1. Determine if region 66-79 includes at least one residue that is within 16 Å of Ala9 (Cα to Cα) and modelled with pLDDT of 95 or more.
2. Any residue in region 122-134 that is in a helix (DSSP H, G or I), modelled with pLDDT of 90 or more, touching a helix residue (DSSP H, G or I) at 6+ places or on another chain (Cβ under 8 Å) and under 21 Å from Leu12 (Cβ atoms)?
3. Identify all residues within region 69-86 that are loosely packed, with under 15 Cβ neighbours inside 10 Å and either in contact with a Lys or Arg (Cβ under 8 Å, 6 or more places away or on another chain) or more than 18 Å from Arg27 (Cβ to Cβ) (or both); write none if there are none.
4. Scan region 107-119 for residues that are exposed (fewer than 11 other Cβ atoms within 10 Å of the Cβ) and within 30 Å of Lys64 (Cβ to Cβ) and jot them down.
5. Which numbered condition in (1) surrounded by 11 or more Cβ atoms within 10 Å (Cβ to Cβ); (2) in the same structural domain as Trp25 (by TED's automatic domain parsing) is the only one that Ala50 fails?
6. Among the numbered conditions (1) basic (Lys, Arg); (2) out of contact with any helix residue (DSSP H, G or I) (no Cβ under 8 Å at 6 or more places or on another chain); (3) closer than 19 Å to Asp10 by Cα, tell me where Arg36 comes up short.
7. For region 59-84, enumerate the residues that are farther than 16 Å from Val20 by Cα and either small (Gly, Ala, Ser) or in contact with a Pro (Cβ under 6 Å, 6 or more places away or on another chain) (or both).
8. Have a look at Ala107, Ala9, Ala30 and point out the one that is outside the structural domain of Arg127 (by TED's automatic domain parsing), touching a Leu at 6+ places or on another chain (Cβ under 7 Å) and within 26 Å of Gly130 (Cα to Cα).
Amino acid sequence: MINRHRPGADGLLGPLEYAVMVALWQRAPASVPEVRERVNRHRDAQAALAYTTVMTVLSRLYDKGLVTRDRRGRGYTYTPRYDEAGLVDHLGCQEVGALLARYGDVALAHFAAALEDADEGLRARIRALGEHHDA
């Protein structure tokens with residue numbers, strides 16, 4: 001079954017990574033304390049994230065290439081490299097690349113079979129996306 005809508009990044013990242021990205025999409029660049037405050041705004045006191053937890057999540061997002069960071073005094077400010085739609089596109093591209101690297105022609109055969117079952121509207125959208133990426 002082919003998913004016919006464009007997903008958000010929720011579920012594509014871990015829950016803490018997603019919460020931190022949402023905080024950065026709201027306003028960036030942001031420091032660790034600023035991100036922590038935004039994330040904890042929607043949590044009760046018992047579920048509040050520690051400074052070190054937020055710092056670790058931001059560091060991992062930086063290591064994955066999903067955020068940039070700039071030195072500010074003794075710390076960093078962080079900025080997302082992608083908006084949410086761009087992040088979904090980036091992660092989707094990585095996933096497809098990994099499938100092709102792991103399964104090669106078998107993955108391509110399954111993509112082709114899935115497209116045969118797709119309605120014409122979806123096939124037209126896929127053709128348009130392909131033309132967009134070729135440009």
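1. Quick first cut of region 66-79, residues within 16 Å of Ala9 (Cα to Cα) only: 66-67.
Add one more test, that the residue is modelled with pLDDT of 95 or more, and what stays is 66-67.
Yes, region 66-79 contains at least one residue that is within 16 Å of Ala9 (Cα to Cα) and modelled with pLDDT of 95 or more.
2. Within region 122-134 (the criterion being in a helix (DSSP H, G or I), modelled with pLDDT of 90 or more, touching a helix residue (DSSP H, G or I) at 6+ places or on another chain (Cβ under 8 Å) and under 21 Å from Leu12 (Cβ atoms)), the answer is no, since none of the residues qualifies.
3. Arg71, Gly73, Arg74, Thr79, Ala85, listed by residue number.
4. none
5. Failed condition: (1).
6. In the conditions (1) basic (Lys, Arg); (2) out of contact with any helix residue (DSSP H, G or I) (no Cβ under 8 Å at 6 or more places or on another chain); (3) closer than 19 Å to Asp10 by Cα, Arg36 misses (2) alone.
7. Restricting attention to region 59-84, the residues satisfying the condition of being farther than 16 Å from Val20 by Cα are 70-75.
Correct list: Gly73, Gly75.
8. On the way: Ala107 fails: outside the structural domain of Arg127 (by TED's automatic domain parsing); Ala30 fails: within 26 Å of Gly130 (Cα to Cα).
So the residue among Ala107, Ala9, Ala30 that is outside the structural domain of Arg127 (by TED's automatic domain parsing), touching a Leu at 6+ places or on another chain (Cβ under 7 Å) and within 26 Å of Gly130 (Cα to Cα) is Ala9.
The values are calculated or read from the model by the stated rules, or taken from the named source; none is laboratory data. Being a predicted model, the structure only gives us computed values, none of them experimental. Cβ: placed from backbone, ideal geometry, glycine included. Neighbour counts: every protein chain shown.
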